[in-house]
Amino acid sequence: MSNPQGSPSLPQERRLVTEIPGPKSKELLARKQSAVPPGIGTTLPVFVTRAGGGVLVDADGNSLIDFGSGIAVTNVGNAAPRVVERVQKQVADFTHTCFMVTPYESYVAVCEQLNRLTPGDHEKRTFLVNTGAEAVENAVKVARHATGRQAVVVFDHGYHGRTLLTMTLTAKNMPYKHRFGPFAPEVYRVPLAYPFRWPGGRENCAAEAAAQAIDAINKQIGAENVAAVVIEPISGEGGFIEPAKGFLPRIAEFCRENGIVFVADEVQTGFARTGDLFACEDEGVVPDIICTAKGIAGGLPLAAVTGRADLLDKVHVGGLGGTYGGNPLACEAALAVLESIEEDRLVERARHIGDIMLPRLHDMAERYDIIGDVRGRGAMIAIELVRPGTTEPDPAATAEVAKRCHAEGLLALTAGTYGNVLRFLPPLVIPDHLLEEGLNILDKAIGSL
């Protein structure tokens with residue numbers, strides 16, 4: 001399909017005028033190091049001055065290909081025209097009143113849209129918060145309040161945020177949990193259907209993993225004690241693991257049978273990223289509660305909890321909310337994002353990106369035995385790097401490939417429990433020629449090893 005309408009005027013080209021990072025970015029990095037704690041890491045220390053379409057322009061005038069989208073945030077592109085227009089108008093009218101004090105229409109409109117667009121035709125309610133972690137934490141609050149139960153079940157390789165509760169829900173210790181304990185109680189972890197690493201093989205992965213997870217819940221926790229099961233339909237930080245087909249529907253069915261609230265964490269997978277508006281739709285899974293953020297508002301901080309009306313309506317007045325939740329600027333941005341997804345056919349565009357990237361990556365996997373697995377859907381794609389001839393993770397090679405991509409003007413992100421996954425999240429408005437050029441850079445970087 002053709003590139004979507006409404007791409008910004010920024011030249012859509014890779015252009016290197018200095019080394020990466022250049023002298024101005026290095027100067028700014030020195031300022032960052034003296035003002036910001038080192039715990040705030042930086043993937044690629046180029047300081048951005050403009051961005052749009054599929055490029056990032058830095059302080060030295062370099063134009064880099066963006067395969068990161070601010071970690072799946074700028075799905076509709078940076079400075080997307082509809083977002084800019086609506087936010088500019090809103091910022092001139094008012095910037096904040098607090099919806100819980102004096103409300104405004106845009107908050108309600110966003111909730112109406114999410115009630116309409118999220119999976120399932122049941123009656124729904126939505127409320128707005130600031131971050132994905134806040135959305136997940138509120139989903140657990142609602143589930144516990146509605147069920148009167150306490151236990152929460154999560155999965156290996158999951159990532160859900162950096163607050164105390166969501167850090168507890170997250171699987172990976174370093175860097176997310178290390179020395180930050182003690183953690184929240186009543187959180188339990190069970191196996192995820194990870195096809196590439198499942199001991200019984202890909203063909204048995206879904207059934208065996210679901211059986212193990214359900215057995216652990218029944219024997220170690222008791223299904224009658226579980227308030228919520230929280231899962232990413234495709235693991236994000238855990239390495240873009242797409243659970244084996246059949247796993248998600250079986251877990252959702254088990255939840256229905258036992259009065260457990262099934263929570264889909266679609267913070268990274270939502271808003272057309274995977275070639276569906278929401279990743280749950282691929283297997284027809286309808287969550288009781290769905291958490292969204294990242295791609296919802298084109299870069300402004302916004303997140304949402306959408307769920308069954310009978311669950312959310314049980315919470316007492318004042319039990320939900322927050323000062324900045326559903327800020328009017330972010331709400332206008334979200335309405336513009338939803339309009340852009342529909343008008344620019346970005347669900348189809350995500351599938352088109354996958355149709356370009358996946359064959360190229362599979363071809364690389366045939367030529368480079370360091371690539372152990374190629375996976376993903378739409379514009380949420382990854383390769384897992386291993387020591388040739390094994391499934392042993394190779395995080396050093398992964399870091400080196402990313403470094404070589406960065407030097408050539410391609411922003412690529414790493415991920416994975418073992419630090420050995422390169423993940424690709426291009427803006428859905430990236431032109432095809434930049435996709436191809438980025439893949440060429442990646443091919444050369446892997447080949448140069």
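Key figures for this structure:
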| item | result |
| --- | --- |
| Any hit, segment 279-286, residues being closer than 21 Å to V421 by Cβ, surrounded by 19 or more Cβ atoms within 10 Å (Cβ to Cβ) and not polar (S, T, N, Q) | yes |
| Some residue of segment 129-152 being among the hydroxyl-bearing types (S, T, Y) and either farther than 24 Å from E266 by Cβ or without any contact (Cβ under 8 Å) to a residue 24 or more places away in the chain (or both) | no |
| Unique match (being crowded, with 17+ Cβ neighbours inside 10 Å and farther than 29 Å from G54 by Cβ) among E134, E112, E123 | E134 |
| Condition check for D282: assigned to a helix (DSSP H, G or I), touching a residue at least 40 places away in the same chain (Cβ under 8 Å) and farther than 30 Å from V84 by Cβ | yes |
| Among the residues listed as F240, F262, the single one being of a type in the set (F, W, Y), closer than 30 Å to T74 by Cβ, in a loop (DSSP other than H, G, I, E, B) and in contact (Cβ under 8 Å) with a residue 24 or more places away in the chain | F240 |
| Residue list for segment 86-136, filter: under 23 Å from P287 (Cα atoms) and among the polar types (S, T, N, Q) | Q113, N115, T118, T126, N130, T131 |
| Search result, residues across segment 195-242 that are in contact with a helix residue (DSSP H, G or I) (Cβ under 7 Å, 6 or more places away or on another chain) and not aliphatic (A, V, I, L, M) | P195, W198, G200, R202, C205, P233 |
| Number of positions in segment 361-398 that are touching a residue at least 24 places away in the same chain (Cβ under 8 Å) and either within 26 Å of E232 (Cα to Cα) or out of contact with any Asp or Glu (no Cβ under 9 Å at 6 or more places or on another chain) (or both) | 22 |
| Some residue of segment 307-329 being among the polar types (S, T, N, Q) and buried (at least 19 other Cβ atoms within 10 Å of the Cβ) | yes |
| Out of T18, T49, T42, sole residue that is part of a loop (DSSP other than H, G, I, E, B), assigned by TED's automatic domain parsing to the domain that holds A399 and polar (S, T, N, Q) | T42 |
| Criterion: in the same structural domain as Q212 (by TED's automatic domain parsing), under 24 Å from N218 (Cβ atoms) and touching a helix residue (DSSP H, G or I) at 6+ places or on another chain (Cβ under 8 Å) - qualifying residue of A146, A171 | A146 |
| Hey, A379 within 20 Å of the chain's Cα centre (by Cα), over 12 Å from L422 (Cα atoms) and at pLDDT 95 or above or not | yes |
| Filter result for I231 (farther than 28 Å from G378 by Cβ and among the hydrophobic types (A, V, I, L, M, F, W, C)) | no |
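The values are calculated or read from the model by the stated rules, or taken from the named source; none is laboratory data. For clarity, every value in this text was computed on a predicted model and none was experimentally measured. Positions of Cβ are backbone-derived with ideal geometry, glycine not excepted, and every protein chain shown enters the neighbour counts.
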